[in-house]
Amino acid sequence: DQVAFEVFLINSWEVWMIAVGSQAPDFKLDSQFDTEFTLSQFKGTKNVMLVFYPKDWTSTWSKEIPGIESKIEQFKAADTQVLGVSIDSKQSHYNWANSLGGVSYPLLQDYHPKGAMATSYGVYLENKGYTARATVIVDKQGSVQYSVMANGERNISELLAECQKVNG
């Protein structure tokens, strides 16, 4: 399966991100729940929304987490598994999630090798040393149906609508 990339301009620099229609690369990453997750474990059963973010403890992601959490049952009703992804360790994810009152969905550590999974999706900013703020929605067959780089806070209601659209 071939992966295609498309260009996004963020703060006047180009970022090549996985394109809609591409087969999403599989991954195996640990979470704050001390459980490993793969994309392939959801194949045929759930759509997956990958929510890439630069780092734990950031103000924008601290606002987005409660927004996603407040709609988590609606994401589940849209047959969508939400997965947060950053370069931070699972211990950082665990501590940060607890400081926010808990996060019910997995926060995956793309920690070692640093940014490897994000690189496969074209969202690791090597010159910055962290992951871009991006969202990728993968359908049950493993095909990318939505791929957007954000320059600021994401609209969680719009993301939910995209997940509902993918679920049909």
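The values are calculated or read from the model by the stated rules, or taken from the named source; none is laboratory data. On a predicted model such as this, the values are computed, not experimentally measured, just so you know. As a convention, Cβ positions derive from the backbone with ideal geometry for all residues, glycine included, and neighbour counts pool all protein chains shown. Just so you know, the surface numbers come from the protein's heavy atoms only, side chains and all, with ligands and any DNA or RNA stripped out. Shrake-Rupley method; radii C 1.70, N 1.55, O 1.52, S 1.80 Å.
Do we have any residue at all in the stretch 111-120 that's part of a helix (DSSP H, G or I), of a type in the set (K, R) and farther than 13 Å from F52 by Cα? No, every residue in the stretch 111-120 fails to be part of a helix (DSSP H, G or I), of a type in the set (K, R) and farther than 13 Å from F52 by Cα. Screening Q109 against (1) under 20 Å from S31 (Cβ atoms); (2) of a type in the set (S, T, N, Q); (3) modelled with pLDDT under 95 leaves a single unmet condition, (3).
Taking the stretch 138-168, which residues are assigned to a loop (DSSP other than H, G, I, E, B) and either open to solvent by less than 60 Å² (accessible area, probe 1.4 Å) or under 16 Å from P25 (Cβ atoms) (or both)?
Step one: of the stretch 138-168, the residues assigned to a loop (DSSP other than H, G, I, E, B) are 139-142, 150-155, 168.
Once the filter is applied, which keeps residues that are assigned to a loop (DSSP other than H, G, I, E, B) and either open to solvent by less than 60 Å² (accessible area, probe 1.4 Å) or under 16 Å from P25 (Cβ atoms) (or both), the stretch 138-168 yields D139, K140, Q141, G142, A150, G152, R154.
When we screen S86, S92 for residues that are within 18 Å of V136 (Cβ to Cβ) and touching a Lys or Arg at 6+ places or on another chain (Cβ under 9 Å), the only hit is S86. Among residues that are modelled with pLDDT of 90 or more and closer than 16 Å to F37 by Cα, A116 is included. If we scan the stretch 53-69, do we find a residue that is modelled with pLDDT of 95 or more, within 22 Å of N155 (Cβ to Cβ) and open to solvent by 50 Å² or more (accessible area, probe 1.4 Å)? No - not one qualifying residue is present in the stretch 53-69.
The strands (runs of 3 or more DSSP E) found entirely in the stretch 12-92 that carry 1 or more residues being among the basic types (K, R) are 28-31.
Candidates are the residues of the stretch 93-106 that are modelled with pLDDT of 90 or more and outside any helix (DSSP H, G or I); the one that is nearest to W61 (Cα to Cα) is V103.
Restricting to the stretch 39-52, give me the number of residues that are over 18 Å from L159 (Cα atoms) and of a type outside the set (G, A, S).
The first filter runs over the stretch 39-52 and keeps only residues over 18 Å from L159 (Cα atoms), leaving 39-45.
Filter once more, so that each one left must be of a type outside the set (G, A, S): 39, 41-43, 45.
The number of residues fulfilling the criteria is 5.
If the condition is being of a type outside the set (S, T, N, Q) and in contact with a Pro (Cβ under 6 Å, 6 or more places away or on another chain), then the stretch 96-143 contributes only Y130.
If I filter the stretch 113-131 down to residues being more than 21 Å from D30 (Cβ to Cβ) and not charged (D, E, K, R), which single residue comes out as surrounded by the most Cβ atoms within 10 Å (Cβ to Cβ)? Break it down stepwise before answering.
Applying the first criterion (more than 21 Å from D30 (Cβ to Cβ)) to the stretch 113-131 yields 122, 125-128.
Cutting the leftovers down to not charged (D, E, K, R) gives us 122, 125, 127.
Numbers: G122: 23, L125: 16, N127: 5.
Within the stretch 113-131, the match that is surrounded by the most Cβ atoms within 10 Å (Cβ to Cβ) is G122.
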